[in-house]
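Written below as structure tokens is the structure these notes are about.
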Amino acid sequence: MKLKFVNIIAFCLIGLQSNAQLKAYKLSETGDTINKVDQKNMKQGKWVLRTEELRGEPGFEEEGIFKNNQKEGIWRRYNLQGDPIGFETYLRGSKDGLQQYYSPLGELIREENWRGFNPDAPYDTIAVYGTGSGEIIDYKIVKAEPYSVKHGIWRYYEPVTGRLYKTEEWDRNNLVLPNTPKAAPVGGKSLGGVKKEVAKTPEMLEWEKKNKGKKNVIRNGQTGL
């Protein structure tokens, strides 16, 4: 019993020493250290950010990881009632790869694809497309911009039916191929009741497994839930 008590004290002292190296931090309801700012004023580790409603725009909360002041990996977005409404992927502070957004009822309404800036590749080779044809007529080398650009397929779904009603193809912020399908669902349920699975990250599948059948899930401030 005495040894157990000594171990608890040692663990607390280690935690206090670790937090003492930070300039600022908060504690979640479960006692986790979040919203950490180091001595160089850089955000580090688990963060929960809240944006209040403003001028008719709904508020939301987002949670994820900061690494040296930049968002990194999967960030989850929730409305202020606790419903998941988005999963975003970041690389070095920029959106990169698949982003998915949902209605408060859990219906997939939009998929976006982005390309983040890579400081190790300061130049890009981009395609030059013919007017109205979508045909590549040339290539040119340009300096890469230090921010995210639309890149890949974007899909838009009807909230109730899940029907895919619009797709767009982007090449580094250039709209290549807008398309309005007649009835070709890719995510959610179609008008005919057929459902096709949408690719999801392991984090998205884990969240859905833990909260299956629950309504208005309330989080406890921890990331990874």
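The values are calculated or read from the model by the stated rules, or taken from the named source; none is laboratory data. Predicted model only: the values in this text are computed from it and were never measured. Cβ atoms come from the backbone with ideal geometry, glycine included; neighbour counts cover every protein chain shown. We work out accessible area using only protein heavy atoms, side chains counted, and drop any ligands, DNA or RNA first. Shrake-Rupley method; radii C 1.70, N 1.55, O 1.52, S 1.80 Å.
Residue check: is Lys46 surrounded by 16 or more Cβ atoms within 10 Å (Cβ to Cβ) and either more than 26 Å from Arg115 (Cα to Cα) or not hydroxyl-bearing (Ser, Thr, Tyr) (or both)? Talk me through it step by step, then tell me what you get.
Details: surrounded by 16 or more Cβ atoms within 10 Å (Cβ to Cβ): yes; either more than 26 Å from Arg115 (Cα to Cα) or not hydroxyl-bearing (Ser, Thr, Tyr) (or both): yes.
So Lys46 fits the description; yes.
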TODO: Would you check if there is a residue in the range 195-208 being exposed (fewer than 13 other Cβ atoms within 10 Å of the Cβ), at pLDDT 90 or above and out of contact with any Cys (no Cβ under 7 Å at 6 or more places or on another chain)?
DONE: no
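Considering only residues that are among the charged types (D, E, K, R) and surrounded by fewer than 10 Cβ atoms within 10 Å (Cβ to Cβ), look in the range 16-43 and name the one that is modelled with the lowest pLDDT.
Taking the range 16-43 and keeping what is among the charged types (D, E, K, R), we get 23, 26, 29, 32, 36, 38, 40, 43.
Keeping just the survivors that are surrounded by fewer than 10 Cβ atoms within 10 Å (Cβ to Cβ) gives 29, 40.
Details: Glu29: 86, Lys40: 94.
If we take residues in the range 16-43 being among the charged types (D, E, K, R) and surrounded by fewer than 10 Cβ atoms within 10 Å (Cβ to Cβ), then Glu29 is modelled with the lowest pLDDT.
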Open item on the list: Return the residues of the range 85-95 that are open to solvent by less than 50 Å² (accessible area, probe 1.4 Å) and either under 17 Å from Met204 (Cβ atoms) or of a type in the set (A, V, I, L, M) (or both); say none if nothing qualifies.
Closed with: Ile85, Gly86, Phe87, Glu88, Thr89, Tyr90, Lys95
